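So the structure is just underneath, and the comments pick up after that.
The values are calculated or read from the model by the stated rules, or taken from the named source; none is laboratory data. Computed from a predicted model, the values in this text were never measured in an experiment. No Cβ is skipped: glycine too gets one built from the backbone with ideal geometry, and neighbour counts run over all protein chains shown.
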Amino acid sequence: MLLLAVDTATPAVTVALHDGNSVVAESGQVDARRHGELLLPAVDRVLAEAGVKLDAVTGVVVGVGPGPYTGLRVGLVTAATFGSVLSVPVHGLCTLDGLAYAAGQGGLEGPFAVATDARRKEVYWARYEDPRTRVGEPAVDRPADIVEQLAGLPVVGAGAALYPDAFPDARGPEHVSAGALAALAAERLAAGAELLPPQPLYLRRPDAQVPKNYKVVTPK
Amino acid sequence: MADEPLVLGIETSCDETGVGIVRGTTLLADAVASSVDTHARFGGVVPEIASRAHLESMVPTIERALKEAGISARDLDGIAVTAGPGLAGALLVGVSAAKAYAYALNKPLYGVNHLASHICVDQLEHGPLPEPTMALLVSGGHSSLLLAPDITNDVRPLGATIDDAAGEAFDKIARVLNLGFPGGPVIDRLAKEGDPKAIAFPRGLSGSRDPAYDFSFSGLKTSVARWIEAKRAAGEEVPVRDVAASFQEAVVDVLTRKAVRACKDEGVDHLMIGGGVAANSRLRALAEERCERAGIRLRVPRPGLCTDNGAMVAALGAEMVARNRSASDLELSADSSLPVTDTHVPGSVHDHDHVHEISKDNLYS
Ligand SMILES: [Zn+2]
């Protein structure tokens with residue numbers, strides 16, 4: 001097994017290669033504005049570091065978000081294209097699950113929550129029983145509106161660090177890593193579990209305003 | 001010829017996910033998935049809806065084009081993609097897919113200019129472009145007069161709209177007349193049954209002191225809307241067909257007059273018309289008439305190649321390969337305002353002088 005994992009749902013552009021037992025090579029960069037520029041060179045670096053070619057990959061893992069739209073699509077379309085050319089399966093994983101798993105690797109046990117920056121003064125978030133077990137579906141909310149639900153819980157991720165008033169017990173890691181995502185995917189695949197389809201979790205409707213009736217131009 | 005470059009082109013600058021495959025100047029496949037119906041109720045293209053649709057359609061459209069062309073992706077000589085101009089989020093989906101595709105197949109990647117592609121597509125219809133070619137590009141997003149001595153590295157803007165694009169004016173007038181979106185096809189259809197001389201609408205920027213090659217459609221749009229409102233205010237029925245015909249005539253009169261003038265001034269004996277509005281039947285007819293009178297040969301691709309598509313990107317990509325232009329690198333950016341003079345986006349040269357030159361453009365800000 002050789003899994004190539006990518007995640008561009010958050011400001012982190014992260015790529016990893018996982019052989020079923022451990023992470024072979026990994027890259028993580030944080031730059032919210034350059035996902036498109038950074039991803040492919042990172043894939044190339046990670047493969048070179050591991051000394052393999054892309055066609056050695058047996059499966060692609062991609063973080064499906066939730067995430068602010070533009071960057072999220074870079075990872076998804078890249079994963080789908082690789083899957084098509086290589087004729088290998090493309091597995092989706094919730095990006096928040098990757099962060100929860102990474103927090104578990106860092107020693108956090110649970111329960112806890114994960115929150116990432118959704119911009120517009122909101123966070124994408126989910127609750128976890130333990131690092132491998134999410135409770136319910138991910139959601140997008142204003143921090144103040146979920147303070148009570150999450151009271152007393154440690155909160156993992158950049159969304160927590162951004163709003164210290166709402167989330168006083170912020171924990172690391174701040175950013176998702178494709179290594180953790182790949183490890184989680186490898187574990188689930190080995191257990192015969194189904195992963196998600198590689199489709200985006202936007203959690204918001206597109207901003208689209210129906211233009212009002214055309215503007216009257218005749219002076220009154 | 002078997003040694004002509006085999007190139008796949010990807011176009012996602014607006015609401016069409018296009019993938020085309022060409023061999024030199026021969027079209028092998030032209031697959032398009034459009035999200036236009038989703039935008040119709042909003043009266044215009046909604047960027048986020050377009051981007052979402054591109055992501056869904058991208059890989060299936062590539063696979064459909066390959067099947068249609070009956071070739072193996074391994075045989076391609078290059079992957080071309082629209083790097084700009086266009087909607088940023090929409091472009092990014094195509095550019096990311098093209099990079100992944102080129103990387104996975106180990107083929108050169110060519111980020112190319114959308115406007116130059118609109119011109120180059122005519123090679124698939126009428127053979128190699130004469131050099132120089134004069135091009136009039138008209139669509140919902142652009143209205144430009146371009147002189148192209150070499151479509152792969154020398155395209156010069158002579159004029160452009162100073163306000164609305166021609167296609168935008170069609171959409172807006174269609175909205176005023178409650179005809180739906182997009183406005184071009186329906187106005188074209190209704191205008192055929194109307195009198196183009198019924199109402200004398202203004203011809204923008206046509207005075208002797210106005211810029212010779214620039215366009216303006218905002219004043220025309222206002223004038224048409226005002227005329228319709230006056231009719232409605234007087235309780236009279238609006239003669240929709242005559243309004244459509246007279247409005248359309250005002251647009252195509254200015255477009256063709258300026259294009260022919262540019263040809264004469266520059267001593268160019270060919271005029272190419274492209275972009276979605278080039279599908280307009282009256283524009284084609286009037287351009288034909290005026291070009292013939294002026295001794296200019298008119299080249300207009302079939303309507304399906306005038307609107308945004310992947311074949312036009314593949315056509316320009318094939319020309320880049322044929323002329324040995326440098327490929328783009330994996331850092332290629334989607335550039336929503338790529339200037340028309342940047343016909344393609346070659347990779348950064350890893351040479352110290354160049355690095356310094358690039359850094360001036362605030363690389364780190
Ligand atoms: Zn166009």
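Against the definition (under 14 Å from residue B:171 (Cα atoms) and of a type in the set (Lys, Arg)), how does residue B:192 come out, yes or no? Considered against the rule, which asks whether it is under 14 Å from residue B:171 (Cα atoms) and of a type in the set (Lys, Arg), residue B:192 comes out as no. Looking only at residues in segment A:65-90 that are touching a Pro at 6+ places or on another chain (Cβ under 6 Å) and more than 20 Å from residue B:62 (Cα to Cα), the one that is surrounded by the most Cβ atoms within 10 Å (Cβ to Cβ) is A:65. Looking at segment B:119-132, which of its residues are in contact with a strand residue (DSSP E or B) (Cβ under 8 Å, 6 or more places away or on another chain) and either within 16 Å of the ligand (Cβ to nearest atom) or hydrophobic (A, V, I, L, M, F, W, C) (or both)? Answer for segment B:119-132, where residues must be in contact with a strand residue (DSSP E or B) (Cβ under 8 Å, 6 or more places away or on another chain) and either within 16 Å of the ligand (Cβ to nearest atom) or hydrophobic (A, V, I, L, M, F, W, C) (or both): B:119, B:121, B:122, B:124, B:129. Only a single item in (1) touching a residue at least 60 places away in the same chain (Cβ under 8 Å); (2) within 14 Å of another protein chain (Cβ to nearest Cβ) is not met by residue A:101, and it is number (2). The residue list B:169, B:116 contains one member that is in a helix (DSSP H, G or I) and either without any contact (Cβ under 8 Å) to a residue 40 or more places away in the chain or within 15 Å of the ligand (Cβ to nearest atom) (or both), which is B:116.
Put simply, of B:180, B:194 the only residue that is at positive phi and in contact (Cβ under 8 Å) with a residue 40 or more places away in the chain is B:180. Give segment B:110-146 a look and list any residue that's buried (at least 24 other Cβ atoms within 10 Å of the Cβ) and in contact with a Cys (Cβ under 7 Å, 6 or more places away or on another chain), or say none. If the condition is that a residue be buried (at least 24 other Cβ atoms within 10 Å of the Cβ) and in contact with a Cys (Cβ under 7 Å, 6 or more places away or on another chain), then B:134 is the only one that fits.
What about residue B:176, is it within 14 Å of chain A (Cβ to nearest Cβ), more than 16 Å from the ligand (Cβ to nearest atom) and over 28 Å from residue B:80 (Cα atoms)? Judged against the criteria, residue B:176 is a match. Scanning segment A:194-210 turns up at least one residue that is more than 10 Å from chain B (Cβ to nearest Cβ), at pLDDT below 95, in a loop (DSSP other than H, G, I, E, B) and farther than 19 Å from residue A:110 by Cβ. Of the residues in segment B:28-44, none is more than 14 Å from every other protein chain (Cβ to nearest Cβ), basic (Lys, Arg) and away from the ligand (no atom under 13 Å from the Cβ). Against the condition within 14 Å of chain A (Cβ to nearest Cβ) and out of contact with any helix residue (DSSP H, G or I) (no Cβ under 9 Å at 6 or more places or on another chain), how does residue B:67 come out, does it pass? Against the criterion (within 14 Å of chain A (Cβ to nearest Cβ) and out of contact with any helix residue (DSSP H, G or I) (no Cβ under 9 Å at 6 or more places or on another chain)), residue B:67 qualifies. Restricting to segment B:5-27, what's the tally of residues that are within 15 Å of the ligand (Cβ to nearest atom), away from chain A (no Cβ under 14 Å) and closer than 17 Å to residue B:79 by Cβ? So the answer is 5.
Among the residues of segment B:247-279, the one identified as more than 22 Å from residue B:127 (Cα to Cα) and in contact with a Pro (Cβ under 6 Å, 6 or more places away or on another chain) is B:249.
Considering only residues in segment B:223-279 that are within 14 Å of another protein chain (Cβ to nearest Cβ) and among the small types (Gly, Ala, Ser), the one that is farthest from the ligand (Cβ to nearest atom) turns out to be B:234. The residues in segment B:133-163 that are within 16 Å of the ligand (Cβ to nearest atom) and in a strand (DSSP E or B) can be counted, and the count is 13. Just one of the listed residues (B:111, B:94) is under 25 Å from residue B:25 (Cα atoms), within 15 Å of the ligand (Cβ to nearest atom), in contact with a His (Cβ under 9 Å, 6 or more places away or on another chain) and within 14 Å of another protein chain (Cβ to nearest Cβ), and it is B:94. Taking (1) buried (at least 21 other Cβ atoms within 10 Å of the Cβ); (2) under 19 Å from residue B:281 (Cα atoms) in turn, residue B:179 satisfies each apart from (1). Quick check on segment A:109-123. Is at least one of its residues within 14 Å of chain B (Cβ to nearest Cβ), surrounded by fewer than 17 Cβ atoms within 10 Å (Cβ to Cβ) and under 30 Å from residue B:98 (Cβ atoms)? Within segment A:109-123, one or more residues are within 14 Å of chain B (Cβ to nearest Cβ), surrounded by fewer than 17 Cβ atoms within 10 Å (Cβ to Cβ) and under 30 Å from residue B:98 (Cβ atoms).
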